[in-house]
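See structure below.
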Amino acid sequence: MKKIAVQIGLSPIKDYLSEEGYTVKEFDNSKKNAGHFLDRYDAIIVTGENQNIMGTTQTITNTPIIDVTGMTGEEVKNQIEKKR
């Protein structure tokens, strides 16, 4: 069973993934930069609200980070399945 971390505020996505059998844990923005936290999950689900304006990214984890802005629960599930 895949473990997914979902940013607080994405309740519809969290609920959908839970119904689909994923183990889902919500996290707040303070955890976004905590590699030891993020590494425990198979995917990290976030909104694009804090995207880097220059278009560059720095990640501290090898866990896939999925920006779900504008996506349905089913689209998010498909992205999770593609990443692993």
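Here is how the numbers come out for the structure above:
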| item | result |
| --- | --- |
| Those residues of segment 1-20 whose amide nitrogen sits under 20 Å from the label point placed on Thr72, 7 Å along Cα→Cβ | 10-20 |
| FRET efficiency for Lys82 and Glu26, using Cβ-Cβ distance with R0 set to 22 Å, rounded to 0.05 | 0.45 |
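We did not get these values from a lab; they are worked out from the coordinates using the rules stated. Quick caveat: nothing in here was measured; it's all calculated off a predicted structure. Cβ: placed from backbone, ideal geometry, glycine included. Neighbour counts: every protein chain shown.
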